[in-house]
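Here the structure comes first, spelled out in structure tokens, and everything after it is commentary.
Laboratory data are not the source of any read-out in this text; all were calculated from the coordinates shown. Please read all numbers here as calculations on a predicted model, not as lab measurements. Note that we place each Cβ from the backbone using ideal geometry, even for glycine, and neighbour counts take in every protein chain shown.
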Amino acid sequence: MADYEVDYSEIAGKLVSCPEQCGMCCLCQPEVLPEERKFFKDNYPQFLVRTKGPQPYSALALKKGRGSCVFLNGRRCKVYDHRTAYCRQFPYHLYASDKLKVELDLSCRGAWGNTGNDAVIEAKDLVKRADQRIIEALAESKEVYREFYANCKEAGVYQDPSMLRMTVAENVSMFTDLAYLSRIMDMAQIEPVMALSGTRPETQLDMESLEEAGRDLAMESMSSSDPLSVPVYCDKDWNWNMFMADGGKIEWMVMDDEGELHHKAFADAERIKLKVPEDDGIKVLTDYINILNQRDSFMGSVFSLMDQNGYEDDMTNAYFGCMAVTVMDLLWRMSMLDHFMGIGTGAEGVREAIIFYDMDRLDAPTIGAFV
Ligand code: SF4
Ligand code: SF4
């Protein structure tokens, strides 16, 4: 085993279980690694497919081409002992930046209880199994990070990432306030470099444009007619809920175990009012922001945005701005779930919104790599 640093801090002290009614992560098409192909080729060649897109790879087929993996039967895996590395890894993500960090996907309902397996022990086993892939990913990502920091310094937009994290941590409670989020999002657009300490919330909050901003963010991730691309929310009764946005309307559907979609309701997006967390919900949101603030994958997505924008934004503005935008997206989704299902905006409402939201963070482009 090679010598590299692994950061387990996000999962320290956590217990993770996999309730047998769930199966939610089997809605994502698992990649089949070269060394895993033989089993499926010999036994189930009809279920081995190539994905579409610019970088196709071998994967397992989905029911009706859009539902769960074909091997999910009564929410249990029919090939459990031969499931892919991708299947074994969820809900952990191994993220390679200039080090390796283990992150825990909070869309997994099994990550929220206080029973199950010790997360660090499970993750150490996964790291061991993925050793060679990690070495290769780190060799590439370290180089990308070196180049990124050099570009930032040359453009005069570099800040110390650990200082940015410290500043967000010191001001974290402010990020649950809409007026503060609004101010941060405005300030992220303009020079000079933002300082969170001393930044006050908007005194005259333009609720209409704030609602529009939250709605646009959330609607963008839901605007697809392909069930493989829209966000999935596994609710407390283990229903797989999907939301598709089209022309200002959102359709709520539930997918059954065979990959059939069942219509539940429509909503006019403009009629969904942006809500804020109340009571214990504030604490749940604050905890989540603290987790995001320590995730290297979140930082990597901010860096990716800076790279796309040609290093025109200062890292401080980009980081604080992305944090504010992320919270807005989450709050709008909480408001939408409350609109459709009445989940509320207390601790339970915020927790359900995070369960709905956290997996979609994987879609954000990043300069590092998920191994
Ligand atoms: S999402 Fe979590 S609880 Fe659900 S099947 Fe996957 S690992 Fe198990
Ligand atoms: S192989 Fe098994 S664990 Fe993996 S996605 Fe399919 S049903 Fe789920």
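Just add up the charged neighbours of MET255: K/R +1, D/E -1, any other residue whose Cβ is under 15 Å from the Cβ of MET255. Walk me through the numbers before you get to the answer.
Values: positive: LYS63, LYS64, ARG66, ARG75, LYS264; negative: ASP226, ASP235, ASP237, GLU251, ASP256, ASP257, GLU258, GLU260.
Its environment carries a net charge of -3.
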Self-check item: Length gained when the stretch VAL193-ASP257 is fully extended (0.36 nm per residue, less Cα-Cα span)
Solution: 18.0 nm
Quiz item: If contacts are Cα pairs under 8 angstrom and at least 6 residues apart, what is the relative contact order of the stretch 6-136 in percent?
Solution: 38
Quiz item: Given charges of +1 on the Cβ of Lys and Arg and -1 on the Cβ of Asp and Glu, with all other atoms neutral, how large is the dipole of the stretch 86-136 about its Cα centre, in debye to the nearest 20?
Solution: 80
Practice problem: Report the full-extension gain for the segment ASN290 to ASP206: residue separation times 0.36 nm, less the Cα-Cα distance, to one decimal in nm. | Solution: 27.5 nm
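Check each of the trypsin sites (Lys or Arg not before Pro) in the stretch 1-72 and keep only those in coil by DSSP with at most 14 other C-beta atoms within 10 angstrom; list them in order. Walk me through the numbers before you get to the answer.
Values: sites: LYS14, ARG37, LYS38, LYS41, ARG50, LYS52, LYS63, LYS64, ARG66; in loops: LYS14, LYS52, ARG66.
Answer by residue number: LYS52.
Going down the table (LYS41/LYS236; LYS41/LYS124; LYS64/LYS236), which pairs top 31 Å between alpha carbons?
Working: LYS41/LYS236 37 Å; LYS41/LYS124 29 Å; LYS64/LYS236 25 Å.
Table pairs above 31 Å Cα-Cα are LYS41/LYS236.
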Quiz item: Straight-line reach from LYS283: which lysines have Cα under 19 Å away, leaving out those fewer than 8 places along the same chain?
Solution: LYS14, LYS275
Quiz item: Where Lys and Arg each count +1 and Asp and Glu each count -1, what net charge lies around PRO201 among other residues with Cβ under 15 Å from its Cβ?
Solution: -2
Quiz item: Looking at SER182, SER107, CYS322, which one has the Cα that reaches farthest to the positive end of the dipole of the chain (charges on Cβ: Lys, Arg +1; Asp, Glu -1)?
Solution: SER107
Quiz item: For the chain, what is the calculated [θ] at 222 nm in deg cm²/dmol (nearest 500), taking -39500 (n - 2.57) for each run of four or more DSSP H residues and dividing by its residue count?
Solution: -13000 deg cm²/dmol
Quiz prompt | Spin-label pair ASP131/ASP307, simplified geometry with 7 Å Cα→Cβ offset, distance in nm | solution = 2.9
Practice problem: Using only alpha carbon pairs under 8 Å that are at least six residues apart, calculate the relative contact order of the chain and give it in whole percent. | Solution: 21
Quiz item: Based on the Cβ-Cβ distance of GLU147 and ASN43, what FRET efficiency does E = 1/(1 + (r/R0)^6) give at R0 = 51 Å, to the nearest 0.05?
Solution: 0.70
Quiz item: Taking square-rooted eigenvalues a ≥ b ≥ c of the alpha carbon gyration tensor, is the chain rounded, prolate or oblate, where a/c under 1.5 means rounded and, failing that, a/b exceeding b/c means prolate?
Solution: oblate
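Treat every Asp and Glu Cβ in the stretch 157-370 as -1 and every Lys and Arg Cβ as +1, leave all other atoms uncharged, and give the resulting dipole magnitude about the Cα centre to the nearest 20 debye.
On the way: 15 positive and 39 negative charges, 97 e Å.
Result for the stretch 157-370 is approximately 460 debye, rounded to the nearest 20.
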Self-check item: Centroid-to-centroid separation of the stretch 275-337 and the stretch 180-225 [C-alpha atoms, Å]
Solution: 11
Practice problem: Work through the residues other than GLY281 whose Cβ is under 15 Å from its Cβ and net out their charges, Lys, Arg +1 and Asp, Glu -1. | Solution: -4
Practice problem: Output the peptides 250-256, 111-117 sorted from most to least packed, where packing is the average of other Cβ atoms within 10 Å over each peptide's residues. | Solution: 250-256, 111-117
